[in-house]
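Remarks on the structure that follows.
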Amino acid sequence: MSVPAIELTGLSKHYGSFRALDNVDLSVPEGSVFGFLGPNGAGKTTTLRILTGLARASSGEARVFGTSVADVGNDVRSRIGFLPDVPGFYDWMTAEEFLRFAGSLFGLSAPVLHERAGALLDLAGLTDVHAKIGGFSRGMKQRLGVAQALINAPSLLMLDEPTSALDPIGRKEVLDMIASLSGRTTVFFSTHILSDVERVCDTVAILDRGRVVAQAPIDDLKSRYGAQKIVVDVARNVSGLERRLAAEPWVSAVERENHTLTLTISDIEAARSAIPAAVVAEDTGLIRLEGGEVSLEDVFVELVGGER
């Protein structure tokens, strides 16, 4: 059985009376693209700081490739790549110069560094960009940051909010880079943006107020926690049908778009009998009745959104 890339056991971090992390247990399978999801202030960056040795835990243990972070040496550090939430660059360098500089810190030989920098510039879409980094857009800098974190060909890549300040195009470019790493390295992707996790990750842990409230493959989370949905598409009198169904105790939410209703329900058996009856009673002219897809956002709201 392979050793997890990251393993947290009873990990806690206190700042006075404030508990940034509270007895966190977590296991990140090697080779996964793992989404570490939670609202701002949940404790994600604190966890990454402990894993990278930038902070010490108050109690518990954090292990990387089976080694406690307190005992990690250069042999383990050389297998890790890290992109902080606000990466720093030398603005007077070009992208290639910056990657060569980062690679030299790992002691890479000139032939290896030349080949690896070229491949990463291609991956980041910066091969033909010869301008200084100071003139880069935020998206270009983030892509360069991911490339820099990969220069040592790490077995584990840790990313802290890599898309949070990007426009839609910049986000897509960075997410495409992360998706391309699937099966090549373990990615620990910390973010509060649910759609990003749903797009690129295969497994997720949800952190809320310093505690892990769920951890599983995304599809398992959806089936385990997500409320079921039903889509009803009708030809007429959609307002009457909406009022009738919204009053049912097993309907927790109704979304309407033109003549289509999307119901979030808690009792599928009640829905199967009541929805057809409501359609007939309101004389709506049924066009479509089918199950809807549960999103990661639905799961997140169910687990941590109610109290917020």
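So the values come out like this:
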{"item": "Any hit, region 50-70, residues being acidic (Asp, Glu) and under 21 Å from THR185 (Cα atoms)", "result": "no"}
{"item": "Region 260-292: number of residues that are at negative phi, assigned to a loop (DSSP other than H, G, I, E, B) and open to solvent by 60 Å² or more (accessible area, probe 1.4 Å)", "result": "2"}
{"item": "Filtered residues of region 148-174 (kept if over 18 Å from PHE82 (Cα atoms) and open to solvent by less than 40 Å² (accessible area, probe 1.4 Å))", "result": "LEU166, GLY170"}
{"item": "Any hit, region 186-198, residues being over 15 Å from GLY38 (Cα atoms) and surrounded by fewer than 18 Cβ atoms within 10 Å (Cβ to Cβ)", "result": "no"}
{"item": "Region 13-48, residues that are charged (D, E, K, R), farther than 26 Å from ARG199 by Cβ and at pLDDT 90 or above", "result": "LYS13, ASP22, ASP25"}
{"item": "Checklist (1) open to solvent by less than 20 Å² (accessible area, probe 1.4 Å); (2) within 21 Å of ILE80 (Cβ to Cβ); (3) among the small types (Gly, Ala, Ser); (4) under 16 Å from the mean Cα position of the chain (by Cα) applied to GLY145, failing item", "result": "(4)"}
{"item": "Among the candidates PHE82, PHE101, PHE89, residue that is at pLDDT 90 or above, open to solvent by less than 60 Å² (accessible area, probe 1.4 Å) and over 26 Å from PRO29 (Cα atoms)", "result": "PHE89"}
{"item": "In region 203-222, the residues that are open to solvent by 60 Å² or more (accessible area, probe 1.4 Å) and either in contact with a helix residue (DSSP H, G or I) (Cβ under 8 Å, 6 or more places away or on another chain) or touching a residue at least 60 places away in the same chain (Cβ under 8 Å) (or both)", "result": "ARG209, ARG211, GLN215"}
{"item": "Output for region 229-244, where each listed residue is closer than 25 Å to LEU296 by Cβ and either in contact with a Leu (Cβ under 6 Å, 6 or more places away or on another chain) or among the aliphatic types (A, V, I, L, M) (or both)", "result": "ILE230, VAL231, VAL232"}
{"item": "Residue in region 121-131 that is nearest to the chain's Cα centre (by Cα), counting only those that are open to solvent by less than 60 Å² (accessible area, probe 1.4 Å) and more than 21 Å from ILE80 (Cβ to Cβ)", "result": "GLY125"}
{"item": "Residue match in region 57-71 (condition: modelled with pLDDT under 90 and open to solvent by 60 Å² or more (accessible area, probe 1.4 Å))", "result": "yes"}
{"item": "Residues of region 1-52 satisfying the condition of being surrounded by fewer than 23 Cβ atoms within 10 Å (Cβ to Cβ) and among the aromatic types (Phe, Trp, Tyr)", "result": "TYR15, PHE18"}
{"item": "Matching strands (runs of 3 or more DSSP E) fully within region 1-89 where at least 2 residues are over 20 Å from PRO162 (Cβ atoms)", "result": "6-15, 18-28, 59-64"}
{"item": "Failed item, numbered, when LEU51 is tested on (1) modelled with pLDDT under 90; (2) within 30 Å of LEU11 (Cβ to Cβ); (3) not small (Gly, Ala, Ser)", "result": "(1)"}
{"item": "Test: ASP233 is surrounded by fewer than 21 Cβ atoms within 10 Å (Cβ to Cβ) and part of a strand (DSSP E or B)", "result": "yes"}
{"item": "Pairs, first under 28 Å from GLY170 (Cα atoms) in region 104-126, second of a type in the set (D, E, K, R), C-beta under 8 Å, six or more apart", "result": "LEU113/ARG100; ALA117/GLU96; ALA117/ARG100; LEU121/GLU96; ALA124/ARG143; GLY125/ARG143; GLY125/GLU173; LEU126/ARG143"}
{"item": "Residue among GLY118, GLY107, GLY134 that alone is more than 27 Å from the chain's Cα centre (by Cα), within 25 Å of ARG77 (Cα to Cα) and open to solvent by less than 60 Å² (accessible area, probe 1.4 Å)", "result": "GLY118"}
{"item": "Subset of region 240-259 that is more than 13 Å from ILE230 (Cβ to Cβ) and touching a residue at least 24 places away in the same chain (Cβ under 8 Å) - its residue that is surrounded by the fewest Cβ atoms within 10 Å (Cβ to Cβ)", "result": "GLY240"}
{"item": "Residues that are touching an Asp or Glu at 6+ places or on another chain (Cβ under 7 Å) and either among the basic types (Lys, Arg) or in a strand (DSSP E or B) (or both), drawn from region 236-259", "result": "ARG244, VAL254, ARG256"}
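The values are calculated or read from the model by the stated rules, or taken from the named source; none is laboratory data. Every value quoted in this text rests on a predicted model; they were computed, and no experiment measured them. Here Cβ is always computed from backbone atoms with ideal geometry, including for glycine, and neighbour counts include all displayed protein chains. SASA here: full protein model, heavy atoms, side chains in, ligands and nucleic acids out. Shrake-Rupley method; radii C 1.70, N 1.55, O 1.52, S 1.80 Å.
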